[in-house]
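Each remark here refers to the structure printed beneath this line.
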Amino acid sequence: MKRLLLLVVLLGCEQHQPDEASIVFTKVESVIAPTVCGSCDPTQIIEVNGTGLALIDFDNDNDLDLFVVNASNVPCRLYENIGGESITFVDVTQQVGIDIRAWANGVAVGDVNGDGFDDLYITCHGQNYLLLNHAGTSFEDVTAAWGVGDSRWGTSARFGDLDGDGDLDLYVCNYLKYDFANPPPPATYKRQTVLGGPHGMQPQGDTVYENLGDGSFQEVTQEWGFLLEPSFTLNAAILDFTGDGLQDVFVGNDSMANHLFVNTGETPTRFENRGLQNGIATNGDGSMQATMGIAVADVSGNTRPDIFTTNFSSDTNTLHLNDTSGFFDDRTKRFGLGLLSRPLLGWTCGFHDFDLDGDEDLFVVNGHVYPEATVESMDSAREQPVLLLQRTGARFTQVKQEGLFRDRSAVFGDLDNDGDTDVVVAQRNGEVRVLRNDSSHEHPWIIQLQGAGKNPRGLGAKLLVTFEDGTSATRWNTDGFGFQSSSEPQKHLFAKPITSVEVIWVGGESQRVTHFPPNRSILIAK
């Protein structure tokens, strides 16, 4: 009886509602078509993933457009944002010449040729695709010419300047070997017969490409130290995790240990997997997890990037805090992020200051992989709610959201240019939801970075922001690290008056700004 009472108390504590929830999302009607990824009730593991999203200002008109991934020979689609102060999308897929009909899973955004227009890399079961953006008017399939047509089962992908030469290299996550003609037999989970995999299947190694700067990539997986025993890889994040100014790679694996490839700074370029030594390979109990989503923020306030990951049901999501020595310590329970996630199977997650109160909140989308899932049979339902967690002091508290979904992906950005962060969510074989942020706030300070050379978005840069009241915040210019999803580096939004901004660019060069325009819109160019 005492143990039951303790469990009730803990659950009540973690699900405590803020007195006045200041984060409000409103669903916006749109023309975005439902996603397609195999049958509605999947019978094979190939049908479980998919529905990647990307936010990309493909025409450089200062609003975020939307790319939606589909599988099962249903074309991927590009929607132009024409809404101004509203959020209105128009399908321009045919107009810009995109015709990708493959078993596509994910998408990455990056300017591969440094012309100021972001390009798209689409991961598939089978050949991946690189679509080059021609000045916002059309996209061209340049996969063969650029040498990036990896033909394994690609899940997520990331662009980042891994060798510090100023252009964007490419990390491709590969999952496992799957044959449509010879699928795996069914498996048993919690005494229920379910679709088979990934256990018992053959994992496939990831692929790393160096951008040669001449209109081509070359594979450098082995040369740069990324060639390990293959894992069931689902996601990755490229960022300076060790504080030396060099870009590292965190890799999230399904039911296997995660990797942290640390850039050694050597010439030629070299990475070492230090996931186990640095504490990020497993959770605090030493257990390997099924990592899908990755989110990064300075949760502890020490200016280092902490890592939050989403995992399978009957496990918990995990928050690793990055201390000043480079060790990642599991502090999931301390921040109230453990028990409330156990019934959920998490995918994309993201830290964003939705209410503009100075700290970052957490948004997690969920949905089970097994159609047979029920609370009675698996302690977890198939359709699940969004988990919205508001940062309140030293913990996160849940803000209840309506609806149950089979969600997989989400992307975050200011879709209506009103100074706050909106969300687009895609569920597997279902509606794509546009969620407008209607939280009340004053006119924010807006910081945008302009990189130099062939990284014009400043991907990978770090911002140290000091406010008038003496507090500070740390942000990073990233693509969001969504599960099979990506965004161009977004605006950094703050409600409190700013006194200084320090930018640390990729490579360690520092730049400090203390004088700002009266309209609170700050563009910092390298």
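Numbers below:
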{"quantity": "Heavy-atom accessible area per residue - the chain, 1.4 Å, Å²", "calculated": "38 Å²"}
{"quantity": "All aspartates and glutamates inside 16 Å of K400 as judged from Cα atoms, apart from same-chain residues fewer than 8 positions distant", "calculated": "E14, D19, E20, D355, D361, E383, D438"}
{"quantity": "Directionally averaged projected area (convex hull, Cα atoms, the chain), nm²", "calculated": "23.0 nm²"}
{"quantity": "For the chain, calculated [θ]222 nm from helices alone, where every DSSP H run of n ≥ 4 adds -39500 (n - 2.57)", "calculated": "-1000 deg cm²/dmol"}
{"quantity": "Whether region 181-317 is rounded, prolate or oblate, judged on the alpha carbon gyration tensor where a/c under 1.5 counts as rounded", "calculated": "oblate"}
{"quantity": "Beta bridges by DSSP in the chain, antiparallel share as percent, to the nearest 5", "calculated": "95 percent"}
{"quantity": "Region 459-486-region 379-408 distance, computed between alpha-carbon centres (Å)", "calculated": "23 Å"}
{"quantity": "Built amide H within the under 5 Å cut-off of W153, gap 5+", "calculated": "G126, Y175, L176"}
{"quantity": "Nitroxide proxy distance, nm - points 7 Å out along Cα→Cβ at A394 and T499", "calculated": "2.6 nm"}
{"quantity": "Between region 86-132 and region 268-342, the Cα center-to-center distance that results, in Å", "calculated": "30 Å"}
{"quantity": "Mean projected area (nm²) of the alpha-carbon convex hull when region 103-167 is viewed from all directions", "calculated": "4.5 nm²"}
{"quantity": "Principal semi-axes in Å for region 413-476 [√(5λ), Cα gyration tensor, largest first]", "calculated": "27, 20, 11"}
{"quantity": "FRET efficiency, T514 to D469 (Cβ-Cβ, R0 22 Å, nearest 0.05)", "calculated": "0.85"}
{"quantity": "Under the Karplus curve 6.51 cos²θ - 1.76 cosθ + 1.60, θ = phi - 60°, whole-Hz ³J(HN,Hα) for region 264-275, x wherever Gly or Pro sits", "calculated": "7, x, 6, 10, x, 4, 8, 10, 10, 7, 10, x"}
{"quantity": "Computed lengthening from D418 to E442, 0.36 nm per intervening residue step minus Cα-Cα distance", "calculated": "7.6 nm"}
{"quantity": "Residue-span extension gain [S86 to Q218] - 0.36 nm each, minus C-alpha spacing", "calculated": "43.3 nm"}
{"quantity": "Qualifying chymotrypsin sites (Phe, Trp or Tyr not before Pro) for region 159-224 [loop in DSSP, other Cβ within 10 Å: at most 12]", "calculated": "F180"}
{"quantity": "Computed FRET value (nearest 0.05) for A525 with D115, which takes r as the C-beta separation and R₀ as 25 Å", "calculated": "0.90"}
{"quantity": "Ranked by how many other beta carbons lie within 10 Å on average, peptides 509-521, 145-157 from highest", "calculated": "145-157, 509-521"}
{"quantity": "Surface share of carbon and sulfur [accessible, 1.4 angstrom probe, percent] for region 211-353", "calculated": "46 percent"}
{"quantity": "Local electrostatic count, E47, Cβ distance below 10 Å [Lys/Arg +1, Asp/Glu -1]", "calculated": "0"}
{"quantity": "Rounded, prolate or oblate (a/c below 1.5 giving rounded, otherwise prolate when a/b exceeds b/c) for region 29-153 by Cα gyration tensor", "calculated": "oblate"}
{"quantity": "Greater than 27 Å apart at Cα, pairs in K333/K496; K27/K491; K27/K190; K27/K333; K454/K491; K462/K496", "calculated": "K333/K496; K27/K190; K27/K333"}
{"quantity": "Global form of region 401-526, assessed from the alpha-carbon gyration tensor, a/c cut-off 1.5", "calculated": "oblate"}
{"quantity": "Length-normalised contact order for the chain - Cα pairs under 8 Å, 6+ apart - percent", "calculated": "15 percent"}
{"quantity": "Shape box of region 367-430 [Cα atoms, principal axes, largest first, Å]", "calculated": "44, 32, 16"}
{"quantity": "Sequence-distant residues sharing a close amide H with R334 (under 5 Å, placed H)", "calculated": "none"}
{"quantity": "Residue-span extension gain [R101 to K333] - 0.36 nm each, minus C-alpha spacing", "calculated": "79.2 nm"}
{"quantity": "Where labels lie 7 Å past Cα in the beta-carbon direction, separation of S314 and D61 in nm", "calculated": "5.0 nm"}
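The values are calculated or read from the model by the stated rules, or taken from the named source; none is laboratory data. From a predicted model like this one, the values you see are computed outputs, not experimental measurements. When we count neighbours, we look across all protein chains shown, and the Cβ atoms used for this are built from the backbone with ideal geometry, even at glycine. Only protein heavy atoms, including side chains, enter the accessible area calculation; ligands, DNA and RNA are left aside. Shrake-Rupley method; radii C 1.70, N 1.55, O 1.52, S 1.80 Å.
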